[in-house]
1. Would you please give the FRET efficiency between ARG304 and VAL59, computed as 1/(1 + (r/R0)^6) with r the Cβ-Cβ distance and R0 = 35 Å, to the nearest 0.05?
2. Say a site is exposed when it is one of the trypsin sites (Lys or Arg not before Pro), sits in a DSSP loop, and has at most 10 other Cβ atoms within 10 Å; what is then the longest site-free stretch of the chain?
3. Just to confirm a number: summing +1 for Lys and Arg and -1 for Asp and Glu over residues other than SER316 whose beta-carbon lies under 11 angstrom from that of SER316, what do you get?
4. So what is the accessible area of the range 108-175 per residue, in Å², with the probe set to 1.4 Å?
5. Which value, in Å², gives the accessible area per residue of the range 29-101 when a 1.4 Å probe is used on the protein heavy atoms?
6. Using a Förster distance of 35 Å, how high is the FRET efficiency between ILE78 and GLU146, based on the Cβ-Cβ distance and rounded to 0.05?
7. Lys and Arg at +1, Asp and Glu at -1: add these up for the other residues within a Cβ distance under 12 Å of GLU34 and post the number.
8. Taking only Cα atoms, what is the 0 to 90° angle, nearest 10, from helix 6-16's long axis to the longest principal axis of the chain?
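The values are calculated or read from the model by the stated rules, or taken from the named source; none is laboratory data. None of the values given here were measured: they were computed from a predicted structure. Here Cβ is always computed from backbone atoms with ideal geometry, including for glycine, and neighbour counts include all displayed protein chains. Calculation scope for accessible area: heavy atoms of the full protein, side chains included, ligands and nucleic acids excluded. Shrake-Rupley method; radii C 1.70, N 1.55, O 1.52, S 1.80 Å.
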Amino acid sequence: ILPEDIGQIVSSDLERSGLFKPLSSNNMLSRPFERKDVFFKDWRILGMDYLVIGRVKPVGSQYAFEFELFDVFKGEAIEVRKGASADLRAMAHHISDIIFEKLTGIKGAFSTQILYINVDRGRDGKRRYRLQKADADGHRSETIYESFEPVMSPSWSPDGKKIAYVSFQSSRPAIYVQEIYTGRQFKLASFKGINGAPDWSPDGSRMAITLSKDGNPEIYILSLSSGKLERLTNHYSIDTEPRWSPSGNSIIFTSDRGGSPQIYEIDLSTRELKRLTFSGTYNARGELGPTGKELVMVHQEAGRFHIAVQDLQRQSFSILTQTLLDESPSISPNGVMVIYATQERGQGVLSAVSIDGQVKFRLPARSGEVREPAWSPFLH
């Protein structure tokens, strides 16, 4: 008996994407593990389009796997893979990625990871802030950094090897960068006033940040090699929450310069500014999907905060969630899912929704308040 149920992990991965509806094992007419045991007529009767069978066995310190993906209608294998890994959950997510891409043409993101902030109180009554890293399905969480002072705004580097975040460890907010696998940390920005909302450029050479060192929160770009600081906005309103476009040619940000919080985009070469959101009186915390076409945000409606998505080409707008206090959306690197923080029974939890709003699910997380998730890029 294996310590992990590979089939269940793969099934759960695919179902969470919103694009697949796996058949419960209780409803299967047979449980084939070899090609010779597959009777396609049975699977057609059950209305299945595709079938996956596989085998895993221990080989030394690793597990060898082989799986086959069948087109039930054609009655033939369309993908056969073999491999080995010492990590069964990573193996299962890898298999899910292969199946997902084969059937949709979209790269799978099940092998990616997430960051989030966990806040709880110890026996001494003090709040402890932990920066957690976990698999994309919420399992196998581990603490990357912890402090008795607030930690917020985690952001992945494009290569997935470093993270930036805001910490109050030196009594006032500063932006830090930490190497994930060595734990090495260094202070990136510690100006007077606000140092917040770090976001890496797509090529990893620059950081967009919010600073109030000149008296008002503005958007700046910091060169990571030279330390040169470039001011991007100059307005008496509050400009914050910068996020790079996938091309690296523009930055979106939240500003109340129009009288209420809305999302704007500034072209980095021309400095041309345009407002992107017009639905309602509050749209903030924007993030662009990998194609740059979808804009996900926090949208207020009737006093409630929801996650919404706007198609920037078609200008369509839709609300994805219906819970009360949804915040901090982060899009999967393939643009299929959105992870966000919300409240359940007065407790902060992590949830996810498909980009079309059809599938919603909770993610497991340790006890305590959970907030500010950030989805990793594709990891190599």
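1. So, using R0 = 35 Å, E works out to roughly 0.10.
2. Maximal segment without exposed cleavage sites: 1-73.
3. So the environment of SER316 carries a net charge of 0.
4. That works out to 41 Å² per residue.
5. Details: 4130 Å² over 73 residues.
It amounts to 57 Å² per residue over the range 29-101.
6. 0.15
7. Local net charge: +1.
8. For helix 6-16, the angle is close to 50 degrees.
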